[in-house]
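Worksheet: one structure, shown below.
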Amino acid sequence: MRSVWKFFSSVKLAIVLIILITLASVLGTLIPQGRPAADYAARYGGLAGLLTTLQLTRLYSSVWYLALLLLFALNLAVCTVVRFGPKWRRAFGPAAAVDAKALEAAKLKGHFRLAPPLAAAADATAAALRSARYRVTAAADGGRTVLRARKRRLGHFGSDVVHLGLLVILAGGFASGLGGRRAEIGLLEGETADVPGASFRVRLDKFETEYYPKGGVKDWKSTVTVVEDGADVLTRVVEVNHPLAHRGVSFYQMSYGWDWQRSTFDLEVRRKDDASFSRALSARLGQRAAVDAPGLTAVSVRQFVPDFVIGEGGRVVSRSQEPRNPAAYIEAWKGEERVFGGWVFAKFPDFGQGHPGGESPFAFVLKSYRAAPYSVLEAAKDPGVGLIWAGCLLVVAGLFLAFYWPPRDITAVLEESQGRIEAVAAGHAAKAKDAFAAEFDALIERLRRPT
């Protein structure tokens, strides 16, 4: 049992655990957490399976990371318990039996004489110490009185308050790791969605994208309304680094996109053998649009990809949701006969006009495309946030006590000898020793009286 107690109170164990937790946290920062498996496969390829097996994709709720935190919490708790008893006795214990010879060995000491009787001399000395805001306890033993004066006693417990704060932060980490929930919610303007794990819904009233002059995205802004029991209760603008919080759930602006599955296209139909022939039409994805032209009755956009690329197996896929290389698969009909089918590229109108059934007399131009933008919000429920903030405040308080509230201790022994009171005092301070020495010397000068 003693060896187990010694193991958990070891400073070396604390250092090793801090290093491991720090390295693990760095990995958790470098590796995106809680993403779909497809995202990891696209980003890391063959390593995605290993990362998932090692729980590095959900590191902060993984068994091994929580085990490290638990070991660190035990180490802090045991270290605090081991050191707390002696500190308490030093700060609040009674005046210990000590003689003048023991005080003579102190680095900071002083002598003075007082007029008898001993009780009056002890009261005068205690009064002088109390006037300097010391708390004084006394112990009388025959012809000798021992005074113990202490102030800023809470400074003894600065490290213990820091340890307590770290334990509270770790408790918050456990609460977040085990009870935290995160979910992405994609909303078009006007849409309302349920919030996972909550009793209310959210509605997207407006979504705006701000751009820099050179075209880069500057900011996303989502005007979001919280709906409870069918009634609007709260409306806020959510943007990057400015979340909305309601009933323990925080909503963060994550990303944006376009609803390409409900897009509308402006097309131009041309005849290759007649430069003057041109027909403009508008079509919705998957629907036929009528065309009044000889040899052509309808056109439809069967598929659209905003960022065209040919993937594995020759399949057409989109590299992203950004319209970097927009392409539409267009079919043209004469009655029920398909007279054209092929990919048309907005940025390369002369490419991809081939028709597998033979050369088509028609050419198609993808003039423009429109899709409703949607906002992606992250709904995060983190039950440990309050504990983490409370722990941070405790850590700050502990550091203040440890560095700016150092305890000061003065012990004085008064003995009656040959009709006078001989006294010796010794002082100790862990920090700010020069300031304490000046205070101690001033007290000794005040206590000295001519005999």
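The values are calculated or read from the model by the stated rules, or taken from the named source; none is laboratory data. Remember, predicted model here, so these are calculated numbers, not experimental data. So basically every Cβ, Gly included, is an ideal-geometry build from the backbone, and we count neighbours across all protein chains shown. These area figures cover heavy atoms from the full protein model, side chains too; ligands, DNA and RNA do not enter into them. Shrake-Rupley method; radii C 1.70, N 1.55, O 1.52, S 1.80 Å.
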Could you work out the helix-only [θ] at 222 nm for the chain, with each DSSP H run of four or more residues adding -39,500 (n - 2.57) and the total divided by the number of residues, to the nearest 500 deg cm²/dmol? -10500 deg cm²/dmol
Two decimals, Cα atoms only, Kirkwood Rh: what is Rg/Rh over the stretch 312-451? 1.75
Probe 1.4 Å, heavy atoms of protein chains only: per residue, the accessible area of the stretch 247-352 in Å² is 54
For the stretch 1-108, what size does the Cα cloud have along each of its three principal axes, sorted from largest down, in whole Å? 78, 34, 21
So, in nm, how far is label ARG236 from label SER3 when the simple model puts each one 7 Å beyond its Cα toward the Cβ? 5.5
Obtain the radius of gyration and the Kirkwood radius of the stretch 93-170 from its C-alpha atoms and give Rg over Rh. 1.13
Would you mind listing how long the stretch 186-287 runs along its three principal axes, going by Cα atoms, in whole Å with the largest first? 67, 35, 19
Cα convex hull of the stretch 58-134: how many Å³ per residue? 175
Checking rank on 210-218, 249-257, 388-396, with mean other Cβ inside 10 Å and highest first, the result is 249-257, 388-396, 210-218
Apportionment of accessible area to carbon and sulfur, the stretch 311-451, percent (1.4 Å): 58
All aspartates and glutamates inside 17 Å of LYS218 as judged from Cα atoms, apart from same-chain residues fewer than 8 positions distant: GLU208, GLU210, GLU239, GLU322
Please give the contour-minus-distance gain from TYR404 to LEU47: 0.36 nm per residue of separation, less the Cα-Cα distance, rounded to one decimal in nm. 123.5 nm
Express the Stokes-Einstein translational diffusion coefficient of the stretch 127-169 in µm² s⁻¹, to the nearest whole number, given a Kirkwood radius over alpha-carbon pairs, 20 °C and a viscosity of 1.002 mPa s. 167
With T = 10 °C, eta = 1.306 mPa s and Kirkwood Rh from C-alpha pairs, the Stokes-Einstein D of the chain in µm²/s is about 53
The answer for the chain, counting only DSSP H helices whose Cα atoms cover 30 angstrom or more along the axis and whose Kyte-Doolittle average is 0.0 or greater, is 63-92, 158-179
Ignoring ligands, DNA and RNA, what accessible area per residue does the stretch 382-451 give at 1.4 Å, in Å²? 57
Normalised by the empirical 2.2 N^0.38 Å for globular proteins, what value does the Cα Rg of the stretch 222-279 take? 2.18
If I stretch the segment between ALA102 and LEU178 completely, what's the gain in nm (0.36 nm per residue apart, minus their alpha carbon distance), one decimal? 21.8 nm
List the lysines whose alpha-carbon lies under 24 Å from that of LYS107, not counting same-chain residues fewer than 8 positions away? LYS87, LYS151, LYS431, LYS433
In the stretch 1-140 the accessible area split gives carbon plus sulfur, as whole percent at 1.4 Å, a share of 69
Could you give me D for the stretch 366-449, from Stokes-Einstein at 10 °C and 1.306 mPa s, where the hydrodynamic radius is the Kirkwood radius over C-alpha pairs? Units µm² s⁻¹, please. 82
Take VAL396 and ARG324, extend 7 Å from each Cα along the Cα→Cβ direction, and tell me the distance between the two endpoints in nm. 4.3
With each pseudo-label sitting 7 Å past Cα toward Cβ, what's the ALA275-LYS433 distance in nm, one decimal? 9.8
